[in-house]
Amino acid sequence: MAAEAVATAEIRAALNRLRHTTGLPVAFGGLVEPGGSRIRISELSGTETAALRSLAVTSGTGLGGKAVALGRVCAVTDYSVSRRISHEYDAPVAAEGLRSVLAVPVVVRRRVRGVLYGALRTAQPLGDRVLGGAVAAAREVERALAVREATAAPSREARGLPGAVRPEAGPGWEQVREAHAALRALAPRMADPDLRAELLAACDLLSAPGSGPGSGPGPAAGPLLAPRELDVLAWVATGATNAAVAERLGLTTETVKGYLRSAMRKLGAHTRGEAVTAARRAGVLP
């Protein structure tokens, strides 16, 4: 429940940012319920009625359900007459007087966790600036949730709390590794140096010596890998191909191969698998 409360608070803050950056007078949203089949609208900003509160939107239906099913931004110029969506929720939308509406999914580790909506009470196209501002608000929620989720499991494990994820639980630990790689890929794109440093510090917590399954205490100091070499290895550790790593990091495949070869040389490894194992033993990968 604490995790859900944190996620709900992030949604609430994001709706305020969405209205401020886009100029849209109305914003609302909520989390995807366990099982991933429905969104529950819990947060309202700028609304004049309670018609949308607690509305349950099924995946694939309406505008928000379509955004969940497709995992991308969806928008309509005039909700009530749009042929691009189904119309199960026309009554509450009309009660609030909404016409132009957008829905942005909040996606963490390829799973839709929530949806942010923005709306006008007039029927007019929503321009790129509005769509960009809404997407940016959703991305901030994604970053916050990714950081919290990535650090929560190892923290609970270290304190021996009930419900902690044991390193031996392979699928759970693989998710932590994927989150570690995603966070490292995100860090260079952050303009705020303090926030970037904080995010990298969270990554370091995940890769602390002895944190991974079957790892020993690790040496006092690991090999000096360049940041990009570590970024590449972090994705390789999730099983990603060179092409997939290149796409994730915005690099060419040849550049990825170069970083990988350099990391392997520093680690004294002859294969990708050996490099990942050596990096884990050195305490630079979870």
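The values are calculated or read from the model by the stated rules, or taken from the named source; none is laboratory data. Note that the structure is a prediction, hence the values are computed from the model and not measured. Cβ sites come from the backbone with ideal geometry, for glycine too, and all protein chains shown count toward neighbours.
A few remarks follow.
- Among the conditions (1) modelled with pLDDT of 95 or more; (2) surrounded by fewer than 18 Cβ atoms within 10 Å (Cβ to Cβ); (3) closer than 20 Å to A14 by Cα, the only one that T77 does not satisfy is (3).
- Matching option when the condition is within 27 Å of the chain's Cα centre (by Cα) and modelled with pLDDT of 90 or more, among A91, A123, A119: A119
- Yes/no for G23 being under 17 Å from A69 (Cβ atoms) and of a type outside the set (D, E, K, R): no
- Close contacts from the stretch 89-110, counting a first residue that is in the same structural domain as A123 (by TED's automatic domain parsing) and over 30 Å from A182 (Cβ atoms) and a second that is among the aromatic types (F, W, Y) and crowded, with 17+ Cβ neighbours inside 10 Å, with Cβ to Cβ under 7 Å and a gap of 6+ residues or different chains, come to V93/Y79; L98/Y79; R99/Y79.
- Answer residue from the stretch 252-282, given it is among the hydroxyl-bearing types (S, T, Y) and outside any helix (DSSP H, G or I) and is surrounded by the most Cβ atoms within 10 Å (Cβ to Cβ) among those: T252
- No other residue among G127, G71 is surrounded by fewer than 21 Cβ atoms within 10 Å (Cβ to Cβ), without any contact (Cβ under 8 Å) to a residue 24 or more places away in the chain and assigned by TED's automatic domain parsing to the domain that holds T47 apart from G127.
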